[in-house]
Structure formats: structure tokens, C-alpha cells
Amino acid sequence: MSPRALDYESLNENVKRAQYAVRGELYLRASELQKEGKKIIFTNVGNPHALGQKPLTFPRQVVALCQAPFLLDDPNVGLLFPADAIAKAKHYLSLTTGGLGAYSDSRGLPGVRKEVAEFIERRDGYPSDPELIYLTDGASKGVMQILNTVIRGEGDGVLVPVPQYPLYSAAISLFGGSLVPYFLEETENWGLDVNNLRQSVAEARFKGITVRAMVIINPGNPTGQCLSEANLREILKYCNQENLVLLGDEVYQQNIYQDERPFISAKKVLMDMGPPISKELQLVSFHTVSKGYWGECGQRGGYFEMTNIPPKTVDEIYKVASISLSPNVPAQIFMGLMVNPPKPGDISYDQFVRESKGIIESLRRRARIMTDGFNSCRNVVCNFTEGAMYSFPQIRLPPRAIEAAKRAGKVPDVFYCLKLLEATGISTVPGSGFGQKEGVFHLRTTILPAEEEMPEIMNSYKKFNDEFMEQYEDHRGYSRM
Ligand SMILES: Cc1ncc(COP(=O)(O)O)c(C=O)c1O
């Protein structure tokens with residue numbers, strides 16, 4: 001009998017081809033160990049609340065009232081909720097057509113899209129059009145919608161930074177396109193060299209691939225770098241010359257841990273450059289409620305803004321969004337609150353600032369503790385986490401460790417991370433899951449574990465690494481930088 005449609009051997013090959021390392025072998029083994037009763041520190045996903053980060057009070061109050069609107073009619077509501085949260089809940093309910101239980105327009109609630117546009121305008125100093133902003137179930141859904149629209153087949157390529165966030169490789173595989181890698185320079189604090197881009201594009205074209213889009217992740221995941229304004233200009237110019245649509249993944253824009261390179265959006269740099277490029281270059285920028293001091297990953301709220309995208313294309317993207325009817329409505333309200341938080345003078349303002357500052361300042365300290373911790377370990381080199389939520393140290397493995405990994409049938413960094421997991425309960429993602437240069441090994445960990453647990457985690461890592469390096473000590477040296 002021929003296989004049925006959902007038998008494994010007859011599945012869509014694109015589905016089977018897609019890899020997703022963040023929930024890969026390491027994660028599965030960690031889950032098994034957890035079931036066996038071992039304490040596991042999950043540092044594999046940038047999921048702040050799962051690692052103990054408390055939700056901000058004000059947005060939860062507002063959404064709680066929107067979810068339970070009968071509370072608004074309760075005479076005691078003012079005892080439990082501050083007046084500004086009550087007013088905000090009424091405001092957002094008035095933007096819906098039937099509360100949180102009703103579908104919204106497939107592009108999101110017009111009132112929230114307007115708030116997003118106002119936020120972008122304040123942030124960048126240039127107008128933003130709500131008609132060109134679509135709300136999505138997290139940034140991932142938006143990225144997938146746009147990649148699906150761009151990729152016509154195997155011959156279409158998308159430039160993706162390597163090391164990269166596996167959403168991109170997985171989605172490009174799923175839509176049947178070709179990933180065109182460009183390497184970030186580890187020795188330049190993971191900077192982006194436009195010459196590497198040129199080389200990658202030339203190689204892809206030589207293979208017959210039409211390169212159509214370029215992804216930047218700023219601040220970077222897994223690499224934690226912030227792109228400078230000069231670098232962004234070069235990238236924009238390059239995309240315009242080569243006729244590439246630029247996908248600006250800016251989900252970590254609130255997560256900045258140094259003052260030298262503040263976050264600058266690709267849209268602002270593009271507008272600063274003026275015409276003709278500001279009127280020509282096609283740009284789609286993504287943001288989310290999952291990151292920053294919000295960390296509301298489970299709510300699944302995001303948006304994308306389209307710049308210089310022709311109206312007929314905007315309509316096609318609307319049509320595709322309509323197939324899923326509506327993005328999550330509660331998440332849209334989180335997005336509205338994120339882009340329009342309490343203002344000075346509001347009752348909840350001081351608390352909101354205290355909570356959000358507390359989170360970012362602690363993350364800034366944690367970024368430092370982790371980088372310094374890794375750099376104090378034998379055969380480990382780590383760039384400072386300028387932004388985002390990750391540390392991405394290079395592990396210089398002795399040849400004996402690489403040979404032992406081969407004998408065990410494992411990629412060397414997977415071997416190292418599995419040993420780390422078994423010895424300490426720290427669950428990381430091997431660098432090979434993000435792509436890396438040949439013969440170079442990394443791991444990725446989030447900087448999210450609680451600050452007070454950080455010294456112990458780093459001590460336990462150091463102890464493991466010392467023992468590992470001792471065990472595989474080799475007069476031939478170690479893997480290259
Ligand atoms: C670079 C990058 N883009 C997008 C996402 C997805 O975010 P969301 O939760 O909004 O789908 C993540 C999540 O970790 C990310 O790291």
C-alpha cells in the first residue's frame with residue numbers, strides 16, 4: 001500500500017528539512033533529566049518569565065480588567081485596581097468590537113496600530129503610517145508571513161547572519177527557499193563586514209540563486225552585538241544597490257547593556273539618509289512584547305512595519321494575514337501598553353519605572369557577570385553582551401575532545417554541552433545550532449537566570465570546564481580562534 005499523507009516518508013520534505021536547535025537534542029535530554037528529578041537550569045530559550053522574571057504590574061492589571069470586564073462594574077474595583085489601569089482597560093475595550101473574545105481585523109486593532117505608529121514616530125523622529133503596521137502573534141509570525149511572501153522557490157535566497165537565530169533557517173527551509181549565510185566577525189565583537197556580504201552574494205549568484213532579501217538581527221541573537229549607525233548605513237546602501245528587501249529584526253531594542261552603542265532602528269537610519277534611498281529601499285521591521293523588560297513571551301504579541309512596500313503588496317500580505325482571521329487580541333493590548341506605557345504624573349508611573357528599570361539594570365549586571373565569568377575560564381573566550389539576552393562564548397576544544405566526540409557520534413560542541421548538562425544541570429544550546437565557521441565551537445546561554453543565582457551558576461560552569469579541559473588536555477593545542 002502506498003504511504004498515507006501523514007506517514008513520515010510521505011511528508012512535505014520542506015517540513016523534514018527544517019531544523020530547530022533551540023528545542024533540539026540538548027533540550028530533549030534536559031527535559032528527560034528533569035523528569036528524573038534533576039534540577040535543570042534552562043538557559044536555552046530567551047524566556048524571561050520561565051526563569052523567574054516577574055511581570056510588570058500595570059499591564060497585567062489592565063489586561064486582567066479587559067479579560068474580566070464585569071470587574072469594571074464592581075463598586076469595589078477601585079480598591080483593587082488603580083484608576084489609571086481602570087481607565088486604560090476601558091480605553092482598550094473601547095478599541096475592540098466586542099472585547100477580548102472577538103476577532104479583530106486581521107491586521108490588528110486600528111487603535112493599537114495607531115499607538116504603535118505614534119511610538120515609532122517618537123522613537124525615530126519620522127512619521128509612521130498605521131496602515132503599514134500589522135500586529136502579529138509574536139514577531140515570529142510576522143517574519144514567517146514576510147518570508148513566505150518573498151520566497152518563490154528554491155532559487156530564491158535570503159541573506160542571514162551566521163551565527164543566526166534558527167527561526168530564519170527553519171522558516172526559509174519550510175518555505176522552500178535557500179539560506180545565504182553571511183558571517184559575523186567574532187574578533188570584531190561580532191560586527192558585520194559588508195565585504196563578507198558581497199562575497200556571500202557572489203557565491204550564491206554563482207550557484208544560480210537570486211538573492212532577494214537580507215536579515216539583520218539588531219541587537220544580535222545569539223551574538224549580542226549592537227549595530228553602529230555607520231554599519232547600518234552601509235547595510236542599507238548595500239541592500240539598495242543589490243535590490244534586496246531588508247528585514248530588520250529589532251525585537252531586542254530595549255535590551256541594551258552599554259552606553260556607547262544605543263539602539264538605532266534601521267528605519268531611522270534610512271530616513272536620516274534622505275532621498276532617493278529613503279524612498280526606495282524596501283524595509284520591514286519587527287518588534288515584540290516577548291523581550292525587553294516586558295518578557296511576555298507567552299502572550300504572543302508582535303508587529304511589523306513596512307516601509308516603501310507597494311500598496312498592492314501590502315494588500316496581498318493583508319489577504320494572507322486574513323487566512324488566520326485575527327492576531328491574539330489580549331496580546332495586541334500588551335503591545336498597545338508597551339508602546340504607550342504610563343507617563344509622568346500617572347498614578348502607576350513610579351511603580352512602572354521602578355519595575356522596568358530594575359529588570360534592565362539587573363540584566364546589565366548579569367551580562368557583565370556572565371562575560372567576565374566565561375573569560376575567566378580556561379580555553380573560553382567571550383565577547384561582551386552589548387544587547388539582547390545571550391552570551392555566546394567560544395570554547396577552544398582540544399583535539400582529544402574532538403576525537404572523543406567523533407567516537408560518541410556527536411558534533412564536538414554538542415558533546416561538550418551534553419557533558420555540561422549532565423554534570424551541572426545547565427541546559428545550553430551548542431553553537432552548531434546557530435551555524436558557525438568550520439572548526440570553531442561555541443555555546444549559547446541566556447543571561448536570564450536570577451542575578452543571585454548567577455555566581456553559583458558560573459562557579460559550577462567553571463568547575464565543569466576545568467575538569468573537562470583537564471580530562472582532554474592535549475599537547476597539540478586546541479581548536480582555532
Ligand atoms: C532574534 C529573534 N527574533 C524573533 C524572536 C521571536 O520572538 P516572538 O516571541 O515575538 O515570536 C526571537 C525570540 O527569541 C528572537 O530571538
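Filtering segment 253-282 to residues that are under 16 Å from Asp124 (Cα atoms) and in contact with a Pro (Cβ under 8 Å, 6 or more places away or on another chain) leaves Gln253, Phe263. Taking segment 32-54, which residues are within 18 Å of Cys297 (Cβ to Cβ) and surrounded by fewer than 16 Cβ atoms within 10 Å (Cβ to Cβ)? Passing the criteria: Ala50, Gly52, Lys54. For segment 227-256, how many residues meet the condition of being in contact with an Asp or Glu (Cβ under 7 Å, 6 or more places away or on another chain) and either within 13 Å of the ligand (Cβ to nearest atom) or modelled with pLDDT under 95 (or both)? Residues in segment 227-256 being in contact with an Asp or Glu (Cβ under 7 Å, 6 or more places away or on another chain) and either within 13 Å of the ligand (Cβ to nearest atom) or modelled with pLDDT under 95 (or both): 0 in total.
Among the residues of segment 108-125, none qualifies, meaning not one is touching a residue at least 60 places away in the same chain (Cβ under 8 Å), within 30 Å of Gly439 (Cβ to Cβ) and more than 15 Å from the ligand (Cβ to nearest atom). Has segment 144-161 got at least one residue that is hydroxyl-bearing (Ser, Thr, Tyr), within 16 Å of the ligand (Cβ to nearest atom) and at pLDDT 95 or above? No, because not a single residue in segment 144-161 is hydroxyl-bearing (Ser, Thr, Tyr), within 16 Å of the ligand (Cβ to nearest atom) and at pLDDT 95 or above. Tell me which residues, restricted to segment 27-51, are within 16 Å of the ligand (Cβ to nearest atom) and in a helix (DSSP H, G or I). Correct list: Tyr27, Pro48, His49, Ala50, Leu51. Look at (1) in contact with a Gly (Cβ under 8 Å, 6 or more places away or on another chain); (2) small (Gly, Ala, Ser); (3) over 22 Å from Lys410 (Cβ atoms) and you find that Gly24 fails only one, number (3). As a summary of the residue check, Asn76 satisfies the conditions (1) closer than 30 Å to Ala266 by Cβ; (2) surrounded by fewer than 20 Cβ atoms within 10 Å (Cβ to Cβ); (3) not aromatic (Phe, Trp, Tyr) except for the one numbered (1). Screening Arg212 against (1) within 16 Å of the ligand (Cβ to nearest atom); (2) more than 24 Å from Gly358 (Cβ to Cβ); (3) of a type outside the set (S, T, N, Q); (4) part of a strand (DSSP E or B) leaves a single unmet condition, (1).
Among helices (runs of 4 or more DSSP H) entirely within segment 218-333, having at least 3 residues that are in contact (Cβ under 8 Å) with a residue 40 or more places away in the chain singles out 229-242, 266-273, 311-323.
Condition check ((1) closer than 22 Å to Glu242 by Cα; (2) crowded, with 22+ Cβ neighbours inside 10 Å; (3) at pLDDT 95 or above) across all residues:
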site: Ile277; (1), (2), (3): yes, no, yes
site: Val289; (1), (2), (3): no, yes, yes
site: Glu296; (1), (2), (3): no, yes, yes
site: Tyr303; (1), (2), (3): no, yes, yes
site: Thr313; (1), (2), (3): yes, no, yes
site: Val329; (1), (2), (3): no, yes, yes
site: Gln332; (1), (2), (3): no, yes, yes
site: Asp346; (1), (2), (3): no, no, yes
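Look at segment 366-395: where a residue is over 17 Å from Phe434 (Cβ atoms) and a partner is in a helix (DSSP H, G or I) and within 16 Å of the ligand (Cβ to nearest atom), sitting 6+ places away or on another chain with Cβ atoms under 9 Å, you get Phe384/Ala367; Glu386/Ala367. Going through (1) within 14 Å of the ligand (Cβ to nearest atom); (2) of a type outside the set (S, T, N, Q); (3) at pLDDT 95 or above one by one, Leu184 falls short only on (3).
The values are calculated or read from the model by the stated rules, or taken from the named source; none is laboratory data. No experiment lies behind these values; they were computed from the predicted model shown. No Cβ is skipped: glycine too gets one built from the backbone with ideal geometry, and neighbour counts run over all protein chains shown.
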